[in-house]
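K.L.:
The structure's right below; bear with me while I get my questions together.
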Amino acid sequence: MTPMTDRRTVLKVAGVSGATLAFSSKLGAAQAATTTKRAYVIVVDGCRPGEIDEMANLKALRDGGTWYPAARSLPVMETIPNHVMMMTGCRPARNGVPANSIYDRTDGAVRDCSRPTDIAVTTIIEQLNASGRTTGTVLSKEYLYSVFGDRATHRWEPFPLLPITEHAPDAATMDAALTMIDEFDPAMLFVNLGDVDRVGHADLTGTTLKAARTAALASTNIQVGRFVDKLKSTGRWASSMVIVLADHSMDWSLPEQTISLTSAFDADATLTGNFQIAQNGGADLVYWTGPASERSTALTKMRTLALATTGVFQAHVIDQTPSLRLGPKAGDLLVYCKAGWRFSDPGPQSNPIPGNHGHPATEPIPFFVTGGSAAVRKGIARSARAHTMDVAPTLGAYFGVKPPQTGWEGTSRL
Amino acid sequence: MPIAQFAHGVASGDPRPSSVIIWTRVTPTSASKPGSGVGPDVTVRWQVSTTSTFTSVVRSGDVRTGPARDHTIKVDVTGLLADTTYYYRFVYGSARSASGRARTAPGNTSSPANVRLGVVSCANYQAGWFSAYRHLGNRNDLHAILHLGDYIYEYGPGEYGYGQNDVDIRKHSPAHEVLTLADYRQRHAQYKLDPDLQRLHAKYAFIATWDDHEVADDAWKGGAVNENPGEPAWATRRAAAYQAYDEWQPVRLSGTAALGDGTQIYRRLQYGDLVEISLLDLRTYRDQQLAVQADPATADPDRTITGRAQLDWLKDSLTRQATQWKLVGNPVMISPVTFAGVPRDLVKPINDTAGLLPPEGVPYNVDQWDGYTDDRREVFEHLRDNGVTDALFVTGDIHSGWAADLPADKATYAGTRNSVGVEFVGTSVTSNNLCDITGTPPRTTSIGVEEILKANNPHLKYIDFDDHGFSVLDITAKRAQMDWFVIGDRADKNAGVTWSVSWATTAGSQTIHAVDGPVA
């Protein structure tokens, strides 16, 4: 985690639940800005499109705004890269964040792609700040808090973090979001609600899964209801655009349906010791670390071995597949699992988590632009295939902010 | 009164953004009867207008026809505007056909608010009057008609009619099972003389595929059920049936309106960014049906219902990104309909130790995808692996109404509710269903069977084994809804129509729910 720097001020206030909420703000930022136009981006992490119908408050938001039912997450269908795509408006080849987990050739180690310096372009957060507006981030996961660093005018440090899942529960996250609205009233607030995703990761199949998932959806629905009530009760609704989406969808695998590429590659004497794997749930990023002169042959061999492994869906040589737009930090080979499977490297017991995403089965996401603002088209749906990277251009269009020098690849969905 | 020279009416089909097929048959002399091979080659003029009075003819031309093509005329009119209603007619000498109406598809990059299709299948002339076609033709809110096959039936009089005793409400012509090119031509001509069907053709473009009875019952690539000694070889018979179909239907076989250049009927039609329709051919390339329903060979990966090329084409259709909805015009049911079954992942270990099991349970009907489950497994896995949303199978064949989720794994569906798409099945225009076959009153015997099937197959939400009629499928970006309308007695030429049920699928949900009323 990036520690708070002494260049920011820290405000500690008691939240609704009584817990202390810690916010850090850029020096000189007004505690409550004068704002007449607001935008909120709420990410229901890991939510499947059909699940919106199980959440009355979200369904009402969807049906009252502009809904994109064909929306998709983008490779790799993981949390960090898709949140970064939302805020940068471009794909990983340009923004520098291709996955949750990467092998850092400089460090010589696999690490989370969550350093603030991993983001290589200007975010919409920084653009809005530069336009004289204030911004806020309330992100339930530590690595999200980390990757966006101190870009926002105001940011909340996720707390309390639940053990194992390392995320703040939605109730605490929403406490922080509502408090941030009260205290700072940022023009743009970026919120990640992590419960739905984390329950997805924590359970398996059958009634237990369904019950747990249903409970998480119900809880998140309540939290979003609190958010809408806040906007309406404080008179902000009419001046607000609310973008609701997920970063990726969710899939589940049976306990025995694991894939280990390590063992397949290690069985080949020319490969063993010459590769690294960064696991990203349903996607493995494979990095060739052997002699450059052997790379091409090795990649062909690794791809063949991967495709021959039960449970593997696709294997792409990244620099030969431009449509992936992943960039060099993603390594050499992207291997996707089939639905119902997961990667577990180096061995079958290494990844016990059945809930899974990262592979194409987890591309479909909810995505709707709603709120009381006159800029929002009400009660319609569009067949166009929206993507996570469309968030920044949509915010840009809403606030009248032009693309940064590095450009946007997404499209405004206003 | 039909115009004698154009007694078989007019029709249109396969609308695209800038083109549509228009069709008629001219009878230049009284001797030039369908299938006769008699009569002169003649020139017929066709005209297309934006007005019903033809004050502004925007496209026209002359076309030659004659006995070699049974005096049929089929023109692929190009250069039209997208999402536009056109009127068309034909002129032979001083005779002018009735005018027809067709609406072109919206442009491929446009975003239509909705697409509304009439859905029909299984129209057996002998089993009754085509009231379903008449009532569908009374509507003014459709873009086109989706015909899912069994447009004609091959039987002779007394062989397959109305109810348990096969009473012929109307008799087929020719008065025997159709076997030759002349036979099939005459049979098509007889159907095209039906006033209800003729009116529907004139009002809306058809988007049609065939099922088995366009050739013969339970057709497969090498034969059919009702082949008998002394009849033409299967290849000869099927070629004749396909030729007559090509002559008499406003479809593009192998991508063109020309005759004799191929018989590939599986094809795609697009309506803006909203929906692409992929029409299947589940007869031409399939292996023979199994004789025993419990035969584990239902899952043999070497057996196919689609053929390899069509299966690859279908998979491509399902992952194309140009449209939101992937509508599959599916002649036979794809939903599993079985009794019992074990989870797919357990089939192999059980079979390794205890012998052979049909992996998805004992199927109800092996003429459907249930008889070729490896093809279905491949399609369903493709949908799931690729995260395909809004795959919608619309089906005919089985003379009954169904609505179902498509379970990723039938055996675990009750717990997981994991569905990869949905299926709506329209009932028959006239062909017998369960209560007709059992001879029991509607909503008696069938109810028990329906409940047993639903209990064994929790993904099946709606079954109606008793009624005949048509459906209306309305698709928007938010949802797809199918309304089932049922007619009264097929033996009554003036049978009425009532709305029965409606089911819908919300976009992105891959599951269905009941709806309180029809879209219109």
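K.L.:
For region B:384-411, what are the residues that are in contact with a helix residue (DSSP H, G or I) (Cβ under 6 Å, 6 or more places away or on another chain) and aliphatic (A, V, I, L, M)?
P.N.:
B:V388, B:A391, B:A408
K.L.:
Answer yes or no as to whether B:T298 is at pLDDT 95 or above, away from every other protein chain (no Cβ under 14 Å), over 29 Å from B:T84 (Cα atoms) and in contact with a helix residue (DSSP H, G or I) (Cβ under 9 Å, 6 or more places away or on another chain).
P.N.:
Considered against the rule, which asks whether it is at pLDDT 95 or above, away from every other protein chain (no Cβ under 14 Å), over 29 Å from B:T84 (Cα atoms) and in contact with a helix residue (DSSP H, G or I) (Cβ under 9 Å, 6 or more places away or on another chain), B:T298 comes out as no.
K.L.:
Condition check: over 30 Å from B:D141 (Cα atoms), buried (at least 16 other Cβ atoms within 10 Å of the Cβ) and more than 16 Å from the chain's Cα centre (by Cα). Does B:A233 satisfy that?
P.N.:
No: the conditions fail for B:A233.
K.L.:
For region B:224-241, name all the residues that are at negative phi and either polar (S, T, N, Q) or not in a helix (DSSP H, G or I) (or both).
P.N.:
Those that are at negative phi and either polar (S, T, N, Q) or not in a helix (DSSP H, G or I) (or both): B:A224, B:V225, B:N226, B:E227, B:N228, B:P229, B:E231, B:P232, B:A233, B:T236.
K.L.:
I'm trying to understand the selection: among the residues of region A:331-348, which are away from chain B (no Cβ under 14 Å), outside any strand (DSSP E or B) and free of Cβ contacts under 8 Å to residues at least 60 places away in the same chain?
P.N.:
The one that is away from chain B (no Cβ under 14 Å), outside any strand (DSSP E or B) and free of Cβ contacts under 8 Å to residues at least 60 places away in the same chain: A:D332.
K.L.:
Also, I was wondering about something else. Can you name the condition, by its number, that B:E451 falls short on among (1) of a type in the set (D, E); (2) within 24 Å of the chain's Cα centre (by Cα); (3) over 22 Å from B:F130 (Cα atoms)?
P.N.:
So the condition that B:E451 fails would be (2).
K.L.:
Moving on to the next point. Quick one: which of B:T256, B:T284 is polar (S, T, N, Q) and under 21 Å from B:A216 (Cβ atoms)?
P.N.:
Exactly one residue qualifies, and that residue is B:T284.
K.L.:
If you don't mind, there's one more thing I want to ask. Residues of region B:242-265 being on the phi < 0 side of the Ramachandran plot, of a type outside the set (A, V, I, L, M, F, W, C) and surrounded by fewer than 15 Cβ atoms within 10 Å (Cβ to Cβ), which ones?
P.N.:
Listed by number, the residues that qualify are B:T256, B:D261.
K.L.:
Among the residues of region A:262-308, which ones are within 19 Å of A:I318 (Cβ to Cβ), part of a helix (DSSP H, G or I) and among the charged types (D, E, K, R)?
P.N.:
Selection gives A:E294, A:R295, A:K301, A:R303.
K.L.:
Residue under question is B:Q190, and the condition is that it be in a helix (DSSP H, G or I) and either at pLDDT 95 or above or touching a helix residue (DSSP H, G or I) at 6+ places or on another chain (Cβ under 8 Å) (or both); does it hold?
P.N.:
When the stated conditions are applied, B:Q190 passes them.
K.L.:
Tell me the strands (runs of 3 or more DSSP E) entirely within region B:1-70 that contain at least 1 residues that are touching a residue at least 60 places away in the same chain (Cβ under 8 Å).
P.N.:
B:10-13, B:20-25
K.L.:
Which residue pairs have Cβ atoms under 9 Å apart, sit 6 or more places apart or on different chains, and have a first residue in region B:316-331 that is within 11 Å of chain A (Cβ to nearest Cβ) and a second that is in a helix (DSSP H, G or I) and among the β-branched types (V, I, T)?
P.N.:
Listed by first residue and then by second, the contacts come to B:K326/B:T319.
A quick yes/no check of all residues on (1) out of contact with any Phe, Trp or Tyr (no Cβ under 6 Å at 6 or more places or on another chain); (2) modelled with pLDDT under 90; (3) surrounded by fewer than 24 Cβ atoms within 10 Å (Cβ to Cβ); (4) within 14 Å of chain B (Cβ to nearest Cβ):
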position: A:P160; (1), (2), (3), (4): yes, yes, yes, no
position: A:M188; (1), (2), (3), (4): yes, no, no, no
position: A:G206; (1), (2), (3), (4): yes, yes, yes, yes
position: A:R213; (1), (2), (3), (4): yes, yes, yes, yes
position: A:S233; (1), (2), (3), (4): yes, no, yes, no
position: A:S253; (1), (2), (3), (4): no, yes, no, yes
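K.L.:
Select from region A:111-124 the residues that are surrounded by fewer than 16 Cβ atoms within 10 Å (Cβ to Cβ) and in contact with a strand residue (DSSP E or B) (Cβ under 9 Å, 6 or more places away or on another chain) and list them in ascending order.
P.N.:
Once the filter is applied, which keeps residues that are surrounded by fewer than 16 Cβ atoms within 10 Å (Cβ to Cβ) and in contact with a strand residue (DSSP E or B) (Cβ under 9 Å, 6 or more places away or on another chain), region A:111-124 yields only A:R111.
K.L.:
Tell me whether region A:55-78 contains one or more residues that are surrounded by fewer than 24 Cβ atoms within 10 Å (Cβ to Cβ), over 18 Å from A:D332 (Cβ atoms), out of contact with any strand residue (DSSP E or B) (no Cβ under 9 Å at 6 or more places or on another chain) and charged (D, E, K, R).
P.N.:
Yes, that holds for at least one residue.
K.L.:
Looking at B:G426 and the list (1) in contact with a helix residue (DSSP H, G or I) (Cβ under 9 Å, 6 or more places away or on another chain); (2) surrounded by 24 or more Cβ atoms within 10 Å (Cβ to Cβ), which single condition is not satisfied?
P.N.:
Unmet for B:G426, out of (1) in contact with a helix residue (DSSP H, G or I) (Cβ under 9 Å, 6 or more places away or on another chain); (2) surrounded by 24 or more Cβ atoms within 10 Å (Cβ to Cβ): (1).
K.L.:
Moving on to the next point. Tell me, which residue of region B:487-520 that is closer than 23 Å to A:T362 by Cα and either loosely packed, with under 15 Cβ neighbours inside 10 Å or of a type outside the set (S, T, Y) (or both) is farthest from the other protein chains (Cβ to nearest Cβ)?
P.N.:
Checked region B:487-520; the qualifying residue farthest from the other protein chains (Cβ to nearest Cβ) is B:I512.
K.L.:
Could you list all residues from region A:346-361 that are buried (at least 22 other Cβ atoms within 10 Å of the Cβ) and either among the acidic types (D, E) or closer than 19 Å to A:I102 by Cβ (or both)?
P.N.:
A:N356, A:H357, A:G358, A:H359
K.L.:
Collect the residues in region A:61-90 that are more than 12 Å from the chain's Cα centre (by Cα) and within 14 Å of chain B (Cβ to nearest Cβ), keeping them in residue-number order.
P.N.:
A:R62, A:D63, A:G64, A:G65, A:T66, A:W67, A:Y68, A:P69, A:A70, A:A71, A:R72
K.L.:
Could I ask something else about it? Give just the number: which of (1) on the phi < 0 side of the Ramachandran plot; (2) of a type outside the set (V, I, T); (3) surrounded by fewer than 18 Cβ atoms within 10 Å (Cβ to Cβ) does B:D166 not satisfy?
P.N.:
(1)
K.L.:
Just the residues that are more than 20 Å from the chain's Cα centre (by Cα), within 16 Å of B:A491 (Cα to Cα) and either hydrophobic (A, V, I, L, M, F, W, C) or not in a loop (DSSP other than H, G, I, E, B) (or both), please, taken from region B:134-175.
P.N.:
Residues satisfying the conditions are B:Y162, B:V167, B:I169.
K.L.:
Pairs under 8 Å by beta carbon, first residue within 14 Å of another protein chain (Cβ to nearest Cβ) and farther than 15 Å from B:H143 by Cβ in region B:470-482, partner buried (at least 24 other Cβ atoms within 10 Å of the Cβ) and of a type in the set (F, W, Y), six or more apart or different chains?
P.N.:
From region B:470-482, the pairs are B:A477/A:W67; B:K478/A:W67.
K.L.:
Can I ask one more? Can you name every residue in region A:309-330 that is buried (at least 21 other Cβ atoms within 10 Å of the Cβ), part of a helix (DSSP H, G or I) and either within 14 Å of chain B (Cβ to nearest Cβ) or within 21 Å of the chain's Cα centre (by Cα) (or both)?
P.N.:
Within region A:309-330, A:K329, A:A330 meet the criteria.
K.L.:
Further question: Give the residue that is nearest to B:G272 (Cα to Cα), with candidates limited to residues of region A:371-387 that are more than 14 Å from every other protein chain (Cβ to nearest Cβ) and in contact with a Gly (Cβ under 8 Å, 6 or more places away or on another chain).
P.N.:
A:V376
K.L.:
When only residues in region B:71-106 that are of a type in the set (S, T, N, Q) and part of a strand (DSSP E or B) count, which is nearest to B:A205 (Cα to Cα)?
P.N.:
B:T85
K.L.:
Output the residues belonging to region A:357-389 that are in a strand (DSSP E or B) and either touching a Leu at 6+ places or on another chain (Cβ under 8 Å) or without any contact (Cβ under 8 Å) to a residue 24 or more places away in the chain (or both).
P.N.:
Within region A:357-389, A:F367, A:F368, A:V369, A:T370, A:H387 meet the criteria.
The values are calculated or read from the model by the stated rules, or taken from the named source; none is laboratory data. The shown structure was predicted, so the numbers you read here are calculated from the model rather than taken from an experiment. As a convention, Cβ positions derive from the backbone with ideal geometry for all residues, glycine included, and neighbour counts pool all protein chains shown.
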